[in-house]
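For reference, the structure is listed below as structure tokens.
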Amino acid sequence: MSRYYQVEEHMKTFIMLAAIMVCAVSLANADPLDNGLARTPPMGWNSWNRFRTRIDDRMVREIADAMVASGMKDAGYVYINIDDGWQWKRDEKGVLQPNPNFPDMKALAAYVHSKGLRLGIYSSPGPRSCAGYEGSYGHEEIDARTWADWGIDYLKYDWCSAGRIWKDEDMPAVYQRMGEALRQAGRPIVYSLCQYGRAKVQEWGPKVGGNLWRTTSDIRDQWQSMANIGFSQSVLAPYAAPGHWNDPDMLEIGNGRMSPIEYRTHFSLWALLAAPLIAGNDLRDMTPATREILLNQEVIAINQDKLGKPARRVAQDGALEIWARTLADSGTAVGLFNRGEAPARVIVRWSDLGLKGPLKVRDLWSHTDLGNFSEEYAADVPAHGVGLLKLVR
Ligand code: GLA
């Protein structure tokens, strides 16, 4: 046997052993319920915030059309999610039927797919949904199979009446049951946990197959509600990562009860938080101001940044707050927030960010480069407003 041949054999053995070790390590780390979806925060639309249970097949199709026509699809919004109010009764085989407002879910999914979009649906682990419709209790596997058969791409699974049967500490097992059912249903389905952030969901959400989990109770189209939710999320930053996101609830932008300045703050904060961007307005009827916010590509790029690291609050002076997140290109996104009732000068110091100047500053709302700054940047921010910047070396 030549010496050369021996060396080659050793190399082969070495490579094989290395490959086995890599496989063993990745198997040990692999989460069996990880579906590989939602590598960046999901973007789309949901019916609840604007329409509650006044929903039907025709409206969902019109929203899909508007998603394309408005440019939202091109901007990255792809999920059209039907919330509570589509359900009816079970047939004799236990298959859940949609109510007469949704005559043919398979055809609806096909229509949505034909537009290059995806269709989402809603259920509860309890016997009843929050609005009193039939839930998935005792029918988890058959429901997951039904949705996969219809062509559903996203499930929001809302605790609601499950609280009558189980305690909060049962939540991981209850959510895992549907996580497994979805995994076995043979179709990739984004799994959205909705149990209002109870029982430290951020610690077990990924393990039960969750791609996102609500972190709070329901948002309302009102400054105080949005601000209380959004500005409370800093401690949850370490729990989000590609495939697994904190969900501070859906967007209220365009629903009319906040000002354009407040809606900009809402969108900037959700972008910084790497929150799902699920629009909750009527896409068929948007003002230019609403469009300008929802379609701001530079802000969306912060939200969708591949690193998937949410912002944290890095400095606070009363009602003035600085939030920052590191981006995949090693830039930094910074929000200069004024939660107060009067305009204010908000200053971000590079030292608060652990950075050294000079840094180039870009304004992501005016879409302008503001120049090089050696130690800090100061912006005049209106009441309830924001300055959103990207800093690069
Ligand atoms: C709960 C959820 C909402 C919505 C309603 C539907 O309140 O948190 O987002 O899905 O139920 O009934």
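The values are calculated or read from the model by the stated rules, or taken from the named source; none is laboratory data. Every value quoted in this text rests on a predicted model; they were computed, and no experiment measured them. Using ideal geometry, Cβ is built from the backbone for each residue, glycine included, and neighbour counts are taken over all protein chains shown.
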Working only within segment 116-136, note down all residues that are within 14 Å of the ligand (Cβ to nearest atom) and basic (Lys, Arg).
-> ARG128
Is it true that some residue in segment 149-156 is surrounded by 24 or more Cβ atoms within 10 Å (Cβ to Cβ), within 14 Å of the ligand (Cβ to nearest atom) and either without any contact (Cβ under 8 Å) to a residue 12 or more places away in the chain or assigned to a loop (DSSP other than H, G, I, E, B) (or both)?
-> no
Filter segment 16-56 for residues that are over 27 Å from ALA328 (Cα atoms), at pLDDT 95 or above and not aromatic (Phe, Trp, Tyr) and give the result.
-> ASN46, SER47, ASN49, ARG50, ARG52, THR53, ARG54, ILE55, ASP56
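Table: residues versus (1) on the phi > 0 side of the Ramachandran plot; (2) crowded, with 21+ Cβ neighbours inside 10 Å; (3) among the basic types (Lys, Arg); (4) under 25 Å from the mean Cα position of the chain (by Cα).
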residue	(1), (2), (3), (4)
ARG349	no, no, yes, no
LYS356	no, no, yes, no
LYS360	no, no, yes, no
GLU376	no, no, no, no
ALA379	no, no, no, no
LEU388	no, yes, no, yes
VAL392	no, no, no, no
Scope segment 241-252; condition outside any strand (DSSP E or B) and within 16 Å of the ligand (Cβ to nearest atom); matching residues | PRO248, ASP249, MET250, LEU251, GLU252
Out of segment 57-72, which residues are among the β-branched types (Val, Ile, Thr) and either away from the ligand (no atom under 16 Å from the Cβ) or modelled with pLDDT under 60 (or both)?
-> ILE63, VAL68
Taking interchain pairs and intrachain pairs at least six residues apart, which have beta carbon atoms under 7 angstrom, with the first residue in segment 73-96 and within 14 Å of the ligand (Cβ to nearest atom) and the second of a type in the set (Val, Ile, Thr) and part of a loop (DSSP other than H, G, I, E, B)?
-> ILE82/ILE55; ASP84/THR53; GLY85/THR53; GLY85/ILE55; TRP86/ILE55
Which pairs do you get when a residue that is free of Cβ contacts under 8 Å to residues at least 24 places away in the same chain, found in segment 31-52, comes within reach of a residue that is within 16 Å of the ligand (Cβ to nearest atom), reach meaning Cβ atoms under 6 angstrom, with the pair 6+ apart or on two chains?
-> none
Which condition number does GLY132 fail, the rest of (1) part of a helix (DSSP H, G or I); (2) under 22 Å from TRP86 (Cβ atoms) being met?
-> (1)
Quick one: how many residues across segment 338-393 are assigned to a strand (DSSP E or B), of a type in the set (Asp, Glu) and within 26 Å of TRP223 (Cβ to Cβ)?
-> 2
If you check GLY318 against the conditions, is it of a type in the set (Gly, Ala, Ser), at positive phi and buried (at least 18 other Cβ atoms within 10 Å of the Cβ)?
-> no
Could you please give the count of residues in segment 208-248 that are in contact with a Phe, Trp or Tyr (Cβ under 9 Å, 6 or more places away or on another chain) and at positive phi?
-> 1
Residues located in segment 169-224, provided they are closer than 28 Å to ARG264 by Cα, of a type in the set (D, E, K, R) and free of Cβ contacts under 8 Å to residues at least 60 places away in the same chain = ARG214, ASP218, ARG220
Which of (1) within 23 Å of ASP74 (Cα to Cα); (2) in contact (Cβ under 8 Å) with a residue 60 or more places away in the chain; (3) buried (at least 24 other Cβ atoms within 10 Å of the Cβ) is the odd one out, the single condition GLN233 does not satisfy?
-> (1)
Output the residues belonging to segment 201-231 that are part of a loop (DSSP other than H, G, I, E, B) and more than 18 Å from ILE253 (Cβ to Cβ).
-> GLY205, GLY209, GLY210, ASN211, THR215, SER217
Would you mind stating whether HIS139 is out of contact with any helix residue (DSSP H, G or I) (no Cβ under 8 Å at 6 or more places or on another chain), away from the ligand (no atom under 16 Å from the Cβ) and either closer than 19 Å to VAL95 by Cβ or not assigned by TED's automatic domain parsing to the domain that holds MET59 (or both)?
-> yes
Which of (1) within 15 Å of the ligand (Cβ to nearest atom); (2) part of a helix (DSSP H, G or I) does PRO238 not meet, given it meets every other one?
-> (1)
